[in-house]
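First comes the structure, then the notes that go with it.
The values are calculated or read from the model by the stated rules, or taken from the named source; none is laboratory data. Keep in mind that this is a model prediction, so the values were computed, not measured. Every residue, glycine as well, gets a Cβ built from its backbone with ideal geometry; the counts of neighbours run over all protein chains shown.
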Amino acid sequence: MKTRFANIRNGLATAATGAIAAAALAVAAPAHAAWEPTKPVEFVVPAGTGGGADQMARLIQGIVIKHKLMKEPLIVVNKSGGAGAEGFLEVKGAKSDPHKIIITLSNLFTTPLATGVPFNWRDMTPVSMMALDQFVLWVNAESPHKTAKDYLAAVKVGGPSKTKMGGTGSKQEDQILTVGIEKATGTKFIYVPFKGGGEVAVQLVGKHIDSTVNNPIEAVAQWRAGQLRALCVFDEKRMSYTTKVTDTLSWSDIPTCKESGVSTDYTMLRGIFMAPGVSKDQLEFYVNLLKKVRDTAEWKEYMEKGAFNQTAMSGEDFSKWLGSTENKHRELMKEAGFIAK
């Protein structure tokens with residue numbers, strides 16, 4: 001009997017030892033490695049250099065390099081042809097390629113609607129909304145007009161074909177917003193398109209145009225330098241940033257355009273997409289990468305400098321927002337007569 005119990009005890013001990021050894025091996029065994037890029041990643045900007053999308057892409061690139069968030073290089077490439085269609089079609093055609101990403105602005109919606117190019121945001125893989133960008137009505141600092149109400153009243157008195165509104169691209173955000181201003185105020189502008197917001201700001205400083213609806217980040221340097229004057233922001237409420245940008249003014253000091261009697265508001269997407277057909281692991285890598293970017297001090301500083309709305313989304317929430325916003329753009333562009341026939 002003692003021998004039988006001894007054998008049982010020995011058997012249990014052997015089984016326990018085996019279980020412990022198996023557990024140790026399981027811990028020691030390497031976990032399934034998550035996907036990460038195996039070659040340089042091309043970061044497409046479907047707009048010109050110097051504009052808001054270009055600046056954000058290069059900031060993300062710099063943050064990734066500084067904080068070593070990715071082993072492979074992130075290479076920014078501008079492909080602005082056809083109002084951004086060049087960049088969008090390239091990413092659309094790069095099926096299942098996880099080494100190509102694109103930053104989008106609202107030309108994600110406006111370009112296919114205005115040109116008829118065979119592209120829709122659903123032809124790519126949504127990754128993350130990084131922020132929403134504001135629009136500000138700017139004039140040269142030497143303009144006699146101190147408020148949006150005074151400026152637009154002068155435009156109306158001056159009559160059509162006399163006042164030039166500069167903006168990025170044709171039948172895109174800036175021109176859509178310009179048409180919205182015209183309809184809300186009974187004014188009429190000569191719309192002058194440029195390749196990017198940086199060039200737009202320079203043209204206003206040089207007085208080659210009379211006003212712009214540039215994003216804050218695209219004109220902040222000239223505002224700080226006392227070369228431009230901000231008249232109003234096209235949003236339902238004032239921007240929240242209270243740190244002084246100029247000697248006397250912060251972003252929060254800029255009134256809304258509604259306060260000036262212009263019932264027009266508009267914000268713009270800053271989002272990241274991938275090519276179609278990528279895997280869940282590949283998508284998750286970029287979702288996590290961009291979250292790490294947004295958590296850095298450099299990103300937070302950039303958000304305040306450019307007076308961004310810091311809304312961020314990914315997954316199903318982002319896809320729902322994209323569908324709703326696409327419909328809004330279709331309505332705006334139909335009203336403006338910008339839909340391709």
Lone unmet requirement of (1) more than 13 Å from V136 (Cβ to Cβ); (2) crowded, with 18+ Cβ neighbours inside 10 Å; (3) touching a residue at least 60 places away in the same chain (Cβ under 8 Å) for I209: (3)
With outside the structural domain of K305 (by TED's automatic domain parsing), assigned to a loop (DSSP other than H, G, I, E, B) and either under 20 Å from T49 (Cβ atoms) or at pLDDT below 95 (or both) as the only criterion, which of E236, E218 stands out? E236
Of all residues in the stretch 260-283, how many are part of a helix (DSSP H, G or I) and at pLDDT below 95? 1
Residue list for the stretch 39-74, filter: of a type in the set (S, T, N, Q) and touching a residue at least 60 places away in the same chain (Cβ under 8 Å): T49, Q55
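Working carefully through the options A19, A34, A47, A29, find the one that is among the aliphatic types (A, V, I, L, M), modelled with pLDDT of 80 or more and not assigned by TED's automatic domain parsing to the domain that holds G116.
The unique qualifying residue is A34.
Quick check on my filter: what residues within the stretch 77-92 are surrounded by fewer than 24 Cβ atoms within 10 Å (Cβ to Cβ) and touching a residue at least 60 places away in the same chain (Cβ under 8 Å)? Let's see the steps before the verdict.
If we filter the stretch 77-92 for residues that are surrounded by fewer than 24 Cβ atoms within 10 Å (Cβ to Cβ), which is where we start, we get 77-83, 85-86, 89-90, 92.
If the condition is that a residue be surrounded by fewer than 24 Cβ atoms within 10 Å (Cβ to Cβ) and touching a residue at least 60 places away in the same chain (Cβ under 8 Å), then S80, A83, K92 are the ones that fit.
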Pairs, please: C-beta under 7 Å, at least 6 apart or cross-chain, first residue touching a residue at least 40 places away in the same chain (Cβ under 8 Å) and in the stretch 281-293, second in a helix (DSSP H, G or I)? V293/I60; V293/I63; V293/V64; V293/W299
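Among the residues of the stretch 149-158, is there at least one that is farther than 30 Å from K300 by Cα, in a helix (DSSP H, G or I), in contact (Cβ under 8 Å) with a residue 12 or more places away in the chain and in contact with a His (Cβ under 6 Å, 6 or more places away or on another chain)?
So in the stretch 149-158, the residues farther than 30 Å from K300 by Cα come out as 149-158.
Still in the running and in a helix (DSSP H, G or I): 149-158.
Now narrow it down to the ones that are in contact (Cβ under 8 Å) with a residue 12 or more places away in the chain: 149, 151-152, 155-156.
Retained after the next criterion (residues that are in contact with a His (Cβ under 6 Å, 6 or more places away or on another chain)): 151.
Within the stretch 149-158 (the criterion being farther than 30 Å from K300 by Cα, in a helix (DSSP H, G or I), in contact (Cβ under 8 Å) with a residue 12 or more places away in the chain and in contact with a His (Cβ under 6 Å, 6 or more places away or on another chain)), the answer is yes, since at least one residue qualifies.
Scan the stretch 201-214 and give yes if some residue there is part of a strand (DSSP E or B), closer than 27 Å to F109 by Cβ and outside the structural domain of K79 (by TED's automatic domain parsing), otherwise no. I'd like the intermediate steps shown before the answer.
Pass one, the stretch 201-214, residues part of a strand (DSSP E or B): 211-212.
Then keep just the ones that are closer than 27 Å to F109 by Cβ; that gives 211-212.
Applying the additional criterion that residues be outside the structural domain of K79 (by TED's automatic domain parsing) yields 211-212.
Yes, there is a match, as at least one residue in the stretch 201-214 is part of a strand (DSSP E or B), closer than 27 Å to F109 by Cβ and outside the structural domain of K79 (by TED's automatic domain parsing).
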Of the conditions (1) outside any loop (DSSP other than H, G, I, E, B); (2) within 15 Å of T110 (Cα to Cα), the single one that M165 does not satisfy is (2)
